[in-house]
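Colleague: Following this message is one structure expressed as structure tokens.
The values are calculated or read from the model by the stated rules, or taken from the named source; none is laboratory data. For clarity, every value in this text was computed on a predicted model and none was experimentally measured. Methodologically, a virtual Cβ is constructed for each residue, glycine included, from the backbone with ideal geometry; neighbour enumeration extends over all protein chains shown. These area figures cover heavy atoms from the full protein model, side chains too; ligands, DNA and RNA do not enter into them. Shrake-Rupley method; radii C 1.70, N 1.55, O 1.52, S 1.80 Å.
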Amino acid sequence: MSLANDLRAATQQLMSAPWQTRDATVVPRTADVAMADGAVNLTATYLYADLADSTELQESHGSDVAARVTRMYLNGAARLIRANDGAIKSYDGDRVMGVFVGKSMRNSAVWAAMQICWLVDQVINPLVKDATNDGSRYWKVTHGVGIDCGDAFVVRAGVRNADGETVHNDLVSIGRAPNVAAKLSALRDRSPITVTHDVYSGLTGARRVDSTTERDIWSGPTATTVGPYTLDLYSTPYRWAP
């Protein structure tokens, strides 16, 4: 069979095969979802942490510095997501996606976001300043964290080789929450952390109010077009040490 015919047959199969769908209350692992027809309904909070301007950093300070900054950011963000009961489900260039489930999923995701902001401000930036300071200027790392929550349809996508061994595949989340969270991570001109009303409405304690002033730490709501949606967004620069 030619490659063209093989692609037609595989695509037709993917389009017409019925899903074997189940509901889940925990974030599935790749092996938990059948490659051929598995699907999972999941209610979750999605967090995207995105390092800003890594291409410009590479152009101005070289690949060595840019690679070190990217690794520091992704490593630290991933560790903080996991420390707050999130699951790492995707790395995409210089950003990472975390998924949180359960009754405290909104608070856990926002806590992780505030700790990532602490990491950038208090740990990464001092190191980068020392590495890039030429006596008159230095590089300051910026980033954005976007968070949304809701229902997602999780499936497995990828390919296998002729022997049936998995070559490359991963879980893909379909739904508003993962898509919006990814887009919100790019709105860092407001504040490092941006969330939807669905996330904000579930926040409690120090994730919502400054304990000293008893004032709301979030700015908003701001009605914003995000892809096909018009959403009320809230943003904050707050950081918290882990």
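Colleague: Once the other residues with Cβ under 12 Å from the Cβ of Q58 are scored (Lys, Arg +1; Asp, Glu -1), what is the net sum?
Modeller: The answer is -4.
Colleague: Right, next: Once you wrap a convex hull around the alpha carbon atoms of the chain, what is its projected area averaged over all directions, in nm²?
Modeller: Computing the convex hull of the Cα atoms and averaging its projections yields 16.4 nm².
Colleague: Hey, another quick one. Using a cut-off of 13 Å between beta-carbons, work out the net charge of the residues near M97 (Lys and Arg +1, Asp and Glu -1, M97 not included).
Modeller: Cβ neighbours under 13 Å give a net charge of -1.
Colleague: Hey, can you rank 84-93, 14-23, 181-190 by average C-beta count inside 10 Å, highest first?
Modeller: 181-190, 84-93, 14-23
Colleague: Follow-up. Ranked from highest to lowest mean number of other Cβ atoms within 10 Å per residue, what is the order of the peptides 100-111, 120-131, 221-232, 66-77?
Modeller: Listed from highest to lowest mean packing, they are 100-111, 66-77, 120-131, 221-232.
Colleague: How much of the accessible area of region 176-229, in percent, comes from carbon and sulfur atoms when a 1.4 Å probe is used?
Modeller: C and S fraction of accessible area: 45 percent.
Colleague: State to the nearest 20 debye the size of the charge dipole of region 96-242 about its Cα centre, where the only charges are +1 on K and R beta carbons and -1 on D and E beta carbons.
Modeller: 160
Colleague: What percent does the relative contact order of region 10-122 come to when contacts are Cα pairs within less than 8 Å and at least six residues apart?
Modeller: 27
Colleague: With a probe of 1.4 Å, find how much accessible area the chain has per residue, and write the answer as a whole number in Å².
Modeller: Accessible area per residue: 54 Å².
Colleague: I'd like the Karplus ³J(HN,Hα) series for region 233-240: coefficients 6.51, -1.76, 1.60, θ = phi - 60°, whole numbers in Hz, and an x wherever there's a Gly or Pro.
Modeller: Values, residue by residue: 10, 10, 9, 7, x, 4, 10, 8 Hz.
Colleague: Going toward the positive end of the dipole of the chain, with +1 on Lys and Arg Cβ and -1 on Asp and Glu Cβ, which of M97, V26, N41 do you reach last?
Modeller: The residue sitting farthest along the positive end of the dipole is V26.
Colleague: Right, next: Report the extension gain between D170 and T204 in nm, rounded to one decimal, defined as 0.36 nm multiplied by the number of residues separating them, less their alpha carbon distance.
Modeller: Extra length from D170 to T204 when fully extended: 8.9 nm.
Colleague: Tell me which residues come under 5 Å, amide H to amide H, from N84 once H is placed; ignore anything under 5 positions away on its chain.
Modeller: none
Colleague: Sticking with this structure for a sec: Output the relative contact order of the chain, whole-number percent, from Cα pairs under 8 angstrom with separation of 6+ residues.
Modeller: 20
Colleague: What are the residues whose amide H is under 5 Å from the amide H of V226, where those residues sit 5 or more places off or on another chain and H is modelled from the backbone?
Modeller: Amide H neighbours of V226: L231.
Colleague: Can you work out ³J(HN,Hα) from phi for every residue in region 113-122, in order, using Karplus 6.51 cos²θ - 1.76 cosθ + 1.60 and θ = phi - 60°, giving whole Hz and x for Gly and Pro?
Modeller: Once θ is set to phi - 60°, the couplings for region 113-122 become 4, 5, 6, 5, 5, 4, 4, 5, 6, 9 Hz.
Colleague: Now a separate question. Where does helix 3-16 land angle-wise versus the long Cα axis of the chain, in degrees 0 to 90, nearest 10?
Modeller: Helix 3-16 and the main axis of the chain meet at about 80 degrees.
Colleague: How far is it, in nm, from the label point at D6 to the one at R137 when both lie 7 Å from their Cα along the line to the Cβ?
Modeller: Once both label points are built, they end up 5.1 nm from each other.
Colleague: Using a 1.4 angstrom probe on heavy atoms only, work out the carbon and sulfur share of the accessible area of region 33-136 in %.
Modeller: Exposed carbon and sulfur together represent 44 percent of the surface.
Colleague: So, one more: Enumerate the calculated ³J(HN,Hα) couplings along region 30-45 in order (Karplus 6.51 cos²θ - 1.76 cosθ + 1.60, θ = phi - 60°), each rounded to whole Hz, writing x wherever the residue is Gly or Pro.
Modeller: Rounded to whole hertz, the list is 4, 5, 7, 10, 4, 5, 6, 8, x, 8, 10, 8, 9, 9, 8, 10.
Colleague: Note down the net charge around P192, summing +1 for each Lys or Arg and -1 for each Asp or Glu among other residues with Cβ under 13 Å from its Cβ.
Modeller: +1
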